[in-house]
1. When only DSSP loop residues count, what trypsin sites (Lys or Arg not before Pro) in region 10-103 have their Cβ near at most 12 other Cβ atoms within 10 Å?
2. Report the full-extension gain for the segment residue 89 to residue 71: residue separation times 0.36 nm, less the Cα-Cα distance, to one decimal in nm.
3. Run the reach check for residue 71 against aspartates and glutamates, Cα to Cα strictly under 20 Å, same-chain hits fewer than 8 apart removed. What comes back?
4. In the chain, which longest range has no GluC sites (Glu not before Pro) that are both DSSP loop (not H, G, I, E or B) and surrounded by at most 14 other Cβ atoms within 10 Å?
5. So how far, in whole Å, is the C-alpha centre of region 13-29 from the one of region 42-66?
6. Any idea how far apart residue 32 and residue 55 come out in nm if each label point goes 7 Å out from Cα toward Cβ?
7. Scale the Cα Rg of the chain by the rule-of-thumb value 2.2 N^0.38 Å and send over the ratio, two decimals.
8. Per DSSP helix of 4 or more residues, -39500 (n - 2.57); summed, then divided by the residues of the chain. What does that give at 222 nm, rounded to the nearest 500?
Amino acid sequence: MYAVIETGSKQYRVAPGETVRVETLPGNVNDSVELGRVVAFVGDDGAVKTGAEAAAVKVTGTIVDQDRGPKVIVFKFKRKKQYKRTIGHRQNYSAVKIEAIQA
């Protein structure tokens, strides 16, 4: 059994017991959250639900961690113009352990 959810403008395939890293969610560590819109759901029998049927499915989880990802270096350069810029970026994320999928 698994579901495809949409949160933070991205889609994730989740199953009970998994831990997924999603865009930052409001809340603290050990808080229970209901994850965003369910796009698709596949049950144990292999039946697929989409659209309005999938919207009735609820995916709940617990925030395990609120942290920042690794640093990404952005280097801008224009030859012959003496233009160089170096900046870094670290994206925030929430690690969520999927507790249950209620169909």
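1. On the way: sites: 10, 13, 21, 37, 49, 58, 68, 71, 76, 78, 79, 80, 81, 84, 85, 90, 97; in loops: 71, 79, 80, 81, 90.
Those satisfying the criteria are 71, 79, 80, 81, 90.
2. Numbers: separation 18, 0.36 × 18 = 6.48 nm, distance 0.55 nm.
Full-extension gain reported as 5.9 nm.
3. Here the aspartates and glutamates satisfying the reach criterion relative to residue 71 are 23.
4. On the way: sites that count: 18, 23.
Looking at the chain, 24-103 is the longest stretch - no exposed GluC sites (Glu not before Pro) with at most 14 other Cβ atoms within 10 Å.
5. 13 Å
6. 2.5 nm
7. Numbers: Rg = 18.5 Å, N = 103, 2.2 N^0.38 = 12.8 Å.
Normalised by 2.2 N^0.38 Å, the Cα Rg of the chain equals 1.45.
8. Mean residue ellipticity at 222 nm (helix-derived): -500 deg cm²/dmol.
Values quoted throughout were computed directly from the atomic coordinates according to the rules given, and no laboratory measurement underlies them. This is a predicted model, so every value here is computed, not measured. Every residue, glycine among them, receives a Cβ derived from its backbone with ideal geometry; neighbour counts consider all protein chains shown.
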